[in-house]
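So the structure is just underneath, and the comments pick up after that.
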Amino acid sequence: MTDASPSTSIPSGGPNPDVDPSVAGVDDVAKALNVDPDTGLSSDEAARRLEKFGPNRLKSKPPVPKWKKFLLQFKDPLVYLLLAATAISLVAWFVERATNPAEAEAAPFDCIVIVVILLLNAILGYVQENRAEAAVSALSKLTAPHSMVLRDGKVVEVATDDVVPGDVLVIGEGDTIAADARLIAAASLRLGEASLTGESVPVAKQTAPLDSVKALGDRTNMVFNGTSVTQGTGRAIVTSTGMATQMGKIADMLDDTKQEKTPLEKEMDGVSKMLGIAVCVIAVVVILTLAITEGFGTPQDAIDSLLLAVSLAVAAVPEGLAAILTVVLALGVQRMAKHNAIVKRLSSVETLGSASVICSDKTGTLTRNQMTVETVVTATGHVNLTGTGYAPVGQAWGPDGSEVRHGTPVESEAILTLGVGAMANNGELREQRGADGTSQWECIGDPTEVSVIVAARKTNALRPWQGFERVAEIPFTSERKKQTVVLVDKSASGMLTAVAKGAPDVLLEQCTRIYDGGQIRPITDADRDRVQSKITQLSSNAYRTLGMAYRPLEVTSLAQVPGIELDAAGQVQDVADQSDAIERDFIWVGMVGIIDPPRTEVRDSVAQAHRAGVRTVMITGDHPLTAARIASDLGIVDDEHRRAVTGDELDAMDDAEFDKTTRDVSVYARVAPEHKLRIVDSLQRQGNIVAMTGDGVNDAPAVKAADIGVAMGITGTEVTKESAAMILADDNFSTIVAAVREGRVIFDNIRKFLRYLLSSNVGEVFTVFFGVLLTGVLGISAAGDSGVTVPLLAVQLLWINLLTDAAPALAMGVDGEVDDVMARKPRRTTDRVINGAMWADIVFIGIIMAAVTLIGMDMALPGGLFSDRHDLGGSHEEQIVLARTMGFTILVFAQLFNALASRSATASAFKGLFSNVWLWAAIALSTALQVVVVNVPALNVAFGTMPLTGRQWLECVGLAACVLVASELYKLVLRAVAAAKRT
Ligand code: ATP
């Protein structure tokens, strides 16, 4: 071994720990690692080793300390601006105290309040960021990879983190290798090692020791952490884990899980920037206006106007937005996970809402993947099997409804068919005995395969095969659509026999003979036609079909099979590569019809998706007629368009014809994974946002290329899960549609709080801007008054912005579905989140808000446009404070009414008015905070407020309610226009 660290090398105590496992024999490696390759480690020993060597993971960056995270909240240009404002106001206070001690305030209240608010804002930001992080890390636990290992003699699934040196990995196609390991068995095993060596062609693996330690890419008897199995199966003893693996050595890479900004977040950055610039312009205009109309008599005037400008800027930019956005996305993703849709990237939530086509596999996603063989068709006739599920209990009945008689040709043919199918098989049927003595039957492996074993057990079809043992396998792949196993007859002649099962139309092509009435004879065209018409009949009745064939090889060793090539050492290197030599001249024995019922909920989901402008496309390896029948049963196509295009037909098309096909056709059958990629490309070319499901390793490219790659949680391979943006924990199509709906709701909620926050900010800016411009007209300052009179103080604006806005915005982020989100077409990704119509809405509400605030202030002051309805006693200073308090309060309530209005762009706020309890809690909290700020004398000085009378409170609420009234009228007009357009 090259690495001395304990978790890397064969643990000390072995015979020769310095030997690299690639040059050591299998037995030596097993001995050194103290493991029996046949049974693996015991669970206790594995636990001990885990304790000793630590978890099998690459080290990640140390987490950012809490204090640093908190300080990072201040890393924002707007906060710098505010800090500058604080410094300016502090300096101003010192200057005033030095020059005019009688007039100066007892403490720099402005400054203190701004600092307190900044701190509160940082705490809020910190808490929200933590919540978002917790949600994301909970998700990453859900998507944590798993590996199959041999422990206590059984194959079990463990978290990849828990794999230890000495574990026996059980490797299959599509797996990502958990650790560095020495192969002890390999069948047609090929690994993609590009992530480690850069070599893009998969490397064939074997088990023999190498004569010297080679470069990584040439260590053919080793598998390495992080590489993936592109084909075949194998077993390997783990030699090193975690940072001690080859991947660990080259990777100081660590945790690159840094979340990319989503397109939405990027657009928000743009909006913030744009608002910032707009407000800087406004601020300059305001300062100039003040300088021209009122003149800066004292330095204090200049400082006041500077402070005003800064607070204007701060008022306009929704600081909390970025944090709220992340939290809302993260919480949404957590909600989706509860409903079985595990979204791996926050940005996928947005994309999901825009999906316009969902391409789905059939088996297991649209159907239940609970396979039952119902019929066996042979040359002489057919038999039906009773019983459902995986319990091997049932009987064989003839077509006339009578029990099949023993010894009849049809019986022996059916038994041979099922026997061949059960031998050419990697599935396993396991019996679990419950405490009450009843048996539970468990399907291990592919349900299609297990269904054949169940049927074989029902008919005792395995008995004739008892002395046979497997010597080689040519595995099933979605491209080949068949599987062949070579068996040796140990009990008698020692002769080899090849048994095969596969898609009957495909397998039939390799058959030259047929088993008919106990005889083997050459297959005729009439036989082929008969089989084909049976396939058609079964498939159009939604049966999945599987044909069986066999071939006595009439030799005792693979090396003697004509056509098989041997390597220099006279060995058969890889049978899978030489499938043509084995898979020919087969004897057709029969086929089975397997029923796989559609999932009941899917029909509804397909209809829902259709209503939402989302097309469902079925892409399956199954027979075109089976596919078309199930597609029409599920409402994916109507009966007239019940047509499936096959992979062969697709191959013959040029791009133009291909695009035309993908536009019109929604069912694809007998396709291979590479067709999926072409279909995704074509649909995307036509402007679609495509969701594509996948499970096998070869599906990974299409899943990756799709806008939303969807991997199966149960049947999916690790490789596909890694490429996917979303994992379906239940493999169910309906979950995708539910996720699309959830994506749309989240997106709607984001728009709601954007509309709310931005219209509130615009309202504040307009209030200050017009308040300053129209000071004289509105009577906010008395004629002849000198100095700068600002309508609202900086601290008041900050208070509204940072505290009373945040809670309702967050509550809106978790709002339910107010508008029927599945009644509209998918959003185009090029559409802006805040479009023209929304800006118009925002500006309209902003103007109304500013108008009612300024009217309220005017009413509290002598002069101006509105008659004075108060006993306007007190000094002018006090009147200004009263007016500001009223303006401040009106603005706060206007925001709260606006929160109710913002829940939908078009629907009335009274629709489902009380459905969001969080929003009402937020409104109650904001109201309480406002009462405190206005009516608690201690805070009056800090906030420049004074207590209001009951009547004044009512007036404030009444004026603020105008925002809701105006918004209702605005929506009424929008709805009327929309209705007029429709007719
Ligand atoms: P999906 O709809 O998910 O693409 P599928 O199971 O219909 O799934 P494939 O798995 O590619 O598609 O199978 C294609 C055909 O190959 C099936 O119709 C069946 O006839 C045959 N087949 C499926 N599984 C096996 C298997 N394990 N061994 C042999 N033949 C199989």
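Could you say which residue among Asp730, Asp707 is among the acidic types (Asp, Glu) and within 16 Å of the ligand (Cβ to nearest atom)?
Working: Asp707 fails: within 16 Å of the ligand (Cβ to nearest atom).
Within the list Asp730, Asp707, the selection yields Asp730.
Out of Asp525, Asp505, report the one residue that is within 16 Å of the ligand (Cβ to nearest atom), surrounded by fewer than 23 Cβ atoms within 10 Å (Cβ to Cβ) and not hydroxyl-bearing (Ser, Thr, Tyr).
Details: Asp525 fails: within 16 Å of the ligand (Cβ to nearest atom).
Unique residue meeting the criteria: Asp505.
Tell me, which residue of segment 53-76 that is touching a residue at least 40 places away in the same chain (Cβ under 8 Å) and assigned to a helix (DSSP H, G or I) is nearest to Met243 (Cα to Cα)?
Step one: list which residues in segment 53-76 are touching a residue at least 40 places away in the same chain (Cβ under 8 Å), which gives 53-61, 69-70, 73-74, 76.
If we keep only those that are assigned to a helix (DSSP H, G or I) as well, we get 53, 69-70.
Values: Phe53: 10, Lys69: 28, Phe70: 31 Å.
Result: Phe53.
Where residues in segment 528-566 are small (Gly, Ala, Ser) and in contact (Cβ under 8 Å) with a residue 24 or more places away in the chain, which of them is nearest to the ligand (Cβ to nearest atom)?
Let us first name the residues in segment 528-566 that are small (Gly, Ala, Ser), namely 533, 539-540, 542, 547, 549, 557, 559, 563.
Checking which are in contact (Cβ under 8 Å) with a residue 24 or more places away in the chain leaves us with 539-540, 542, 547, 549, 557.
On the way: Ser539: 9, Ser540: 14, Ala542: 12, Gly547: 8, Ala549: 11, Ser557: 26 Å.
Only one residue tops the list, namely Gly547.
Condition check ((1) surrounded by 21 or more Cβ atoms within 10 Å (Cβ to Cβ); (2) among the aliphatic types (A, V, I, L, M)) across all residues:
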{"site": "Gly547", "(1), (2)": "yes, no"}
{"site": "Glu565", "(1), (2)": "no, no"}
{"site": "Gln578", "(1), (2)": "no, no"}
{"site": "Ile595", "(1), (2)": "no, yes"}
{"site": "Ala627", "(1), (2)": "yes, yes"}
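Can you tell me which condition Ala181 does not meet? The list is (1) out of contact with any Leu (no Cβ under 7 Å at 6 or more places or on another chain); (2) surrounded by 15 or more Cβ atoms within 10 Å (Cβ to Cβ), and all the others hold.
Of (1) out of contact with any Leu (no Cβ under 7 Å at 6 or more places or on another chain); (2) surrounded by 15 or more Cβ atoms within 10 Å (Cβ to Cβ), only one is false for Ala181: (1).
Does segment 390-417 hold any residues that are free of Cβ contacts under 8 Å to residues at least 60 places away in the same chain and outside any helix (DSSP H, G or I), and which are they?
Listed by number, the residues that qualify are Trp397, Gly398, Pro399, Asp400, Gly401, Ser402, Glu403, Val404, Arg405, His406, Gly407, Thr408.
What number of residues in segment 461-475 are in a loop (DSSP other than H, G, I, E, B) and closer than 21 Å to Gly234 by Cα? Spell out how you get there, then give the answer.
Looking only at segment 461-475, we keep the residues that are in a loop (DSSP other than H, G, I, E, B), and these are 461-462, 466-467, 475.
Checking the rest, the ones that are also closer than 21 Å to Gly234 by Cα come to 475.
So the count comes out to 1.
If Gly621 passes every condition in (1) within 14 Å of the ligand (Cβ to nearest atom); (2) outside any helix (DSSP H, G or I); (3) touching a strand residue (DSSP E or B) at 6+ places or on another chain (Cβ under 7 Å) but one, which one does it miss?
Here Gly621 clears every test but (3).
Pairs needed: first member in segment 913-928, within 16 Å of Val957 (Cα to Cα); second member anywhere, exposed (fewer than 13 other Cβ atoms within 10 Å of the Cβ) and among the hydroxyl-bearing types (Ser, Thr, Tyr); C-beta distance under 6 Å; at least 6 residues apart or different chains.
Filtered contacts from segment 913-928: no entries.
Would you check which residues across segment 901-935 are surrounded by 21 or more Cβ atoms within 10 Å (Cβ to Cβ) and closer than 20 Å to Ile834 by Cβ and list them?
Ala901, Ser902, Arg903
Take the residues of segment 412-442 that are more than 40 Å from the chain's Cα centre (by Cα) and β-branched (Val, Ile, Thr): which is surrounded by the fewest Cβ atoms within 10 Å (Cβ to Cβ)?
If we filter segment 412-442 for residues that are more than 40 Å from the chain's Cα centre (by Cα), which is where we start, we get 412-420, 436-437.
Add one more test, that the residue is β-branched (Val, Ile, Thr), and what stays is 415, 417, 420.
Working: Ile415: 24, Thr417: 32, Val420: 29.
Checking each candidate, the answer is Ile415.
Looking at Ser493, Ser478 in this structure, which one is more than 14 Å from the ligand (Cβ to nearest atom), in a loop (DSSP other than H, G, I, E, B) and not assigned by TED's automatic domain parsing to the domain that holds Asp648?
Working: Ser478 fails: more than 14 Å from the ligand (Cβ to nearest atom).
Just one listed residue meets the conditions, Ser493.
For segment 720-814, which fully contained helices (runs of 4 or more DSSP H) count at least 3 residues that are surrounded by 24 or more Cβ atoms within 10 Å (Cβ to Cβ), at pLDDT 80 or above and in contact with a strand residue (DSSP E or B) (Cβ under 9 Å, 6 or more places away or on another chain)?
In segment 720-814, 733-773 are the helices (runs of 4 or more DSSP H) which contain 3 or more residues that are surrounded by 24 or more Cβ atoms within 10 Å (Cβ to Cβ), at pLDDT 80 or above and in contact with a strand residue (DSSP E or B) (Cβ under 9 Å, 6 or more places away or on another chain).
For Ile582, are the conditions met, namely being in the same structural domain as Thr388 (by TED's automatic domain parsing), in contact with a strand residue (DSSP E or B) (Cβ under 7 Å, 6 or more places away or on another chain), touching a residue at least 40 places away in the same chain (Cβ under 8 Å) and more than 16 Å from the ligand (Cβ to nearest atom)? Full working, then the answer.
Numbers: in the same structural domain as Thr388 (by TED's automatic domain parsing): yes; in contact with a strand residue (DSSP E or B) (Cβ under 7 Å, 6 or more places away or on another chain): yes; touching a residue at least 40 places away in the same chain (Cβ under 8 Å): yes; more than 16 Å from the ligand (Cβ to nearest atom): no.
No: the conditions fail for Ile582.
Please work out which residue is nearest to Ile689 (Cα to Cα), limiting yourself to segment 598-614 and to residues that are among the charged types (D, E, K, R) and part of a helix (DSSP H, G or I). Before the answer, list the steps.
Here is the first cut: in segment 598-614, the ones among the charged types (D, E, K, R) are 599, 601, 603-604, 611.
The next check asks that each one be part of a helix (DSSP H, G or I); those that pass are 603-604, 611.
Details: Arg603: 22, Asp604: 22, Arg611: 16 Å.
Step by step, filter segment 598-614, then rank; the result is Arg611.
Among the residues of segment 319-359, write down those that are in a helix (DSSP H, G or I) and among the polar types (S, T, N, Q).
First pass over segment 319-359, keeping only residues in a helix (DSSP H, G or I): 321-338, 347-354.
Once the filter is applied, which keeps residues that are in a helix (DSSP H, G or I) and among the polar types (S, T, N, Q), segment 319-359 yields Thr326, Gln334, Ser347, Ser348, Thr351, Ser354.
Scanning for something surrounded by 12 or more Cβ atoms within 10 Å (Cβ to Cβ) and modelled with pLDDT under 80, does segment 25-44 turn up at least one residue?
Here is the first cut: in segment 25-44, the residues surrounded by 12 or more Cβ atoms within 10 Å (Cβ to Cβ) are 25-26, 28-37, 39-43.
Among the residues that remain, those that are also modelled with pLDDT under 80 are: none.
No, segment 25-44 contains no residue that is surrounded by 12 or more Cβ atoms within 10 Å (Cβ to Cβ) and modelled with pLDDT under 80.
Do we have any residue at all in segment 575-588 that's of a type outside the set (A, V, I, L, M, F, W, C) and either touching a Leu at 6+ places or on another chain (Cβ under 8 Å) or under 25 Å from Val710 (Cβ atoms) (or both)?
If we filter segment 575-588 for residues that are of a type outside the set (A, V, I, L, M, F, W, C), which is where we start, we get 577-580, 583-585.
Within this subset, residues satisfying the condition of being either touching a Leu at 6+ places or on another chain (Cβ under 8 Å) or under 25 Å from Val710 (Cβ atoms) (or both) are none.
Scanning segment 575-588 turns up no residue that is of a type outside the set (A, V, I, L, M, F, W, C) and either touching a Leu at 6+ places or on another chain (Cβ under 8 Å) or under 25 Å from Val710 (Cβ atoms) (or both).
Return the pairs, sorted by first residue and then second, in which the second residue is modelled with pLDDT of 90 or more and basic (Lys, Arg), the first residue lies in segment 693-714 and is more than 20 Å from Pro447 (Cβ to Cβ), the beta carbons are less than 9 Å apart, and the residues are 6+ apart or on different chains.
Listed by first residue and then by second, the contacts come to Pro701/Lys676; Ala702/Lys676; Ala702/Arg678; Val703/Lys676; Ala705/Lys676; Ala706/Lys676.
If a residue has to be assigned to a loop (DSSP other than H, G, I, E, B) and either charged (D, E, K, R) or within 16 Å of the ligand (Cβ to nearest atom) (or both) to count, how many in segment 418-443 make the cut?
Taking segment 418-443 and keeping what is assigned to a loop (DSSP other than H, G, I, E, B), we get 424-427, 434-438.
Among the residues that remain, those that are also either charged (D, E, K, R) or within 16 Å of the ligand (Cβ to nearest atom) (or both) are: 424-427, 436.
Looking only at that region, the number is 5.
So which pairs qualify, if the first residue must be in segment 663-691 and within 16 Å of the ligand (Cβ to nearest atom), the second must be modelled with pLDDT of 90 or more and aromatic (Phe, Trp, Tyr), the Cβ gap must be under 9 Å, and the two must be at least 6 apart or on different chains?
The qualifying pairs are His675/Tyr668; Lys676/Tyr668; Arg678/Phe658; Ile679/Phe658; Ile679/Tyr668.
Please determine, by comparing only the residues of segment 630-658 that are within 14 Å of the ligand (Cβ to nearest atom) and more than 28 Å from Ala823 (Cα to Cα), which one is surrounded by the fewest Cβ atoms within 10 Å (Cβ to Cβ). If you could, list the steps in order and put the result at the bottom.
Here is the first cut: in segment 630-658, the residues within 14 Å of the ligand (Cβ to nearest atom) are 630-631, 634, 636, 644, 646-648.
Narrowing further to those that are more than 28 Å from Ala823 (Cα to Cα): 644, 646-648.
Working: Ala644: 27, Thr646: 17, Gly647: 20, Asp648: 10.
Only one residue fits best here, namely Asp648.
So, of the residues in segment 364-394 that are closer than 16 Å to Asn541 by Cα and within 16 Å of the ligand (Cβ to nearest atom), which turns out to be surrounded by the most Cβ atoms within 10 Å (Cβ to Cβ)? Break it down into steps so the answer makes sense when it comes.
Within segment 364-394, the subset closer than 16 Å to Asn541 by Cα is 367, 371-377, 382, 384.
Now narrow it down to the ones that are within 16 Å of the ligand (Cβ to nearest atom): 367, 371-377.
Values: Thr367: 25, Met371: 28, Thr372: 20, Val373: 28, Glu374: 20, Thr375: 23, Val376: 31, Val377: 26.
Here the answer is Val376.
The values are calculated or read from the model by the stated rules, or taken from the named source; none is laboratory data. All figures in this text were calculated on a predicted structure; none of them were measured in a lab. Neighbour counts run over all protein chains shown; Cβ positions are idealised from the backbone, glycine included.
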